[in-house]
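The values are calculated or read from the model by the stated rules, or taken from the named source; none is laboratory data. Predicted model only: the values in this text are computed from it and were never measured. Every residue, glycine as well, gets a Cβ built from its backbone with ideal geometry; the counts of neighbours run over all protein chains shown.
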């Protein structure tokens, strides 16, 4: 374990993802998944502005880097599009027979498979990393766990 804070932050992000999807699914149940997605991204934009301006007020402006900033690739500006679709589709899935646990477990499977593809070929600027047997075994085990969660139907 290189840095336990990274692990804590990663787990915290997962908890927040679950909270966000659950809250947004409640909103989508009273409106539509797409209206819910608009609302969640509007509130997220406001929260980001508060964080940006709050950081500047209490921490000060970030120090300019020594090297000039490289121009980001065009695709990097479109991260909100898959995010908006993920929120809308997650809301639909949570409000189905999958419920929260099933929907989040399938989202995790999708994230793992996509991350392995990105690692293998270095997509979207990620460092290339050769996929090994343990990576595939972990993905299969998570997928089987997802099937078990969904097949149980929430029975305890």
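Some points to look at:
- Comparison of 80, 54 shows that the only residue that is surrounded by 10 or more Cβ atoms within 10 Å (Cβ to Cβ), over 23 Å from the mean Cα position of the chain (by Cα) and modelled with pLDDT of 75 or more is 54.
- Residue 107 vs. criteria assigned to a helix (DSSP H, G or I), at pLDDT 85 or above, within 17 Å of the chain's Cα centre (by Cα) and in the same structural domain as residue 141 (by TED's automatic domain parsing): yes
- Selection status of residue 27, assigned by TED's automatic domain parsing to the domain that holds residue 89, at pLDDT below 90 and out of contact with any strand residue (DSSP E or B) (no Cβ under 6 Å at 6 or more places or on another chain): no
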